[in-house]
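The values are calculated or read from the model by the stated rules, or taken from the named source; none is laboratory data. Computed from a prediction, not measured in an experiment: that's the story for all the values here. So basically every Cβ, Gly included, is an ideal-geometry build from the backbone, and we count neighbours across all protein chains shown. Heads up: the accessible areas ignore ligands, DNA and RNA and are worked out on the full protein's heavy atoms, side chains in. Shrake-Rupley method; radii C 1.70, N 1.55, O 1.52, S 1.80 Å.
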Amino acid sequence: MTTGAPTPTYPARPRRSRLRTYLPLGIAVWVVLEIWLLTVVAGAASGFGVFLLLVAGFVLGSVVIKRAGRRAFRNLSETLQQQQSGAAPTTGGGNGNGLMMLGGLLLMIPGLISDALGLLLLIPPVQKTVSRYAERTIDRKIREAAPGTVGDAFQQVRIHRPDGKVVQGEVIREENPATDPGPRPPLNR
């Protein structure tokens with residue numbers, strides 16, 4: 001039976017990215033593998049030995065994160081002191097702190113696969129390789145960003161003034177007196 005009303009046309013849903021599609025499945029597989037590997041190792045050695053291994057990984061991970069955080073803070077302090085003194089800041093001193101922190105976090109997560117990945121991230125050649133790969137991937141994603149996305153916002157960090165000058169961080173708001181409601185009352189706390 002037809003009522004004569006047109007059937008509603010819904011806009012096509014945008015495609016989900018591969019990451020959003022497969023990330024939950026990947027996490028579930030990773031958790032199942034971690035639990036299975038822990039039970040296999042506990043059966044071969046002992047449950048207490050696996051417990052000590054997990055505690056040692058947690059302690060080692062916390063030490064690595066603390067050390068990387070101190071190094072990052074020291075590099076930040078040195079850079080700020082160089083900028084205040086007027087000297088050109090040196091670069092290259094803080095490479096790998098983020099990957100060291102990620103390695104420490106993976107060591108702190110209970111599981112043997114995450115511990116192995118965390119230990120791999122503590123090796124300097126692996127850090128350099130992962131860092132270069134991540135930098136190339138991020139640069140490519142930002143260059144390919146569509147208008148209106150977060151990546152597009154990173155491309156448009158400069159604001160153009162009406163006279164053609166480019167000033168970073170300056171916001172120009174042109175007000176129309178006809179639509180301007182006048183002074184605004186102060187915000188009360």
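Quick one: 3J(HN,Hα) in Hz for region 53-66, Karplus 6.51/-1.76/1.60 with θ = phi - 60°, rounded, Gly and Pro as x.
Once θ is set to phi - 60°, the couplings for region 53-66 become 5, 5, 5, 4, x, 5, 5, 4, x, 5, 5, 5, 5, 5 Hz.
Residue by residue through region 97-108, which ³J(HN,Hα) values in whole Hz follow from phi under the Karplus form 6.51 cos²θ - 1.76 cosθ + 1.60 (θ = phi - 60°), with glycine and proline marked x?
Whole-Hz 3J(HN,Hα) from phi for region 97-108: 5, x, 6, 5, 5, 5, x, x, 5, 5, 5, 6.
Provide the gained length on full extension for the span residue 109 to residue 76, in nm with one decimal, where the gain is 0.36 nm per separating residue minus the Cα-Cα distance.
9.1 nm
Treat each spin label as a single point 7 Å out from the Cα along the C-beta direction, and report the residue 45 to residue 22 distance in nm.
3.2 nm
From the phi angles alone, apply the Karplus equation (6.51, -1.76, 1.60; θ = phi - 60°) to region 112-125 and give each ³J(HN,Hα) in whole Hz, x where the residue is Gly or Pro.
Ordered by residue, 3J(HN,Hα) equals 8, 5, 5, 5, 5, 5, x, 5, 4, 6, 8, 7, x, x Hz.
At 0.890 mPa s and 25 °C, plugging the Kirkwood radius over alpha-carbon pairs of region 27-141 into Stokes-Einstein gives what diffusion coefficient in µm²/s?
D = 152 µm²/s.
Rank these by accessible area, largest first, 1.4 Å probe: 79, 39.
On the way: 79 45, 39 85 Å².
Sorted descending by solvent-accessible area, the residues read 39, 79.
Can you pull the accessible area of residue 144 for me, 1.4 Å probe, Å² to the nearest 10?
120 Å²
Which value results when the Cα radius of gyration for region 18-92 is divided by 2.2 N^0.38 Å? Working shown, then result.
Numbers: Rg = 21.2 Å, N = 75, 2.2 N^0.38 = 11.3 Å.
Computed over Cα atoms of region 18-92, the ratio equals 1.87.
For residue 131, what accessible surface area do you get with a 1.4 Å probe? Give it in Å², rounded to 10.
Around 50 Å² of this residue is reachable by solvent.
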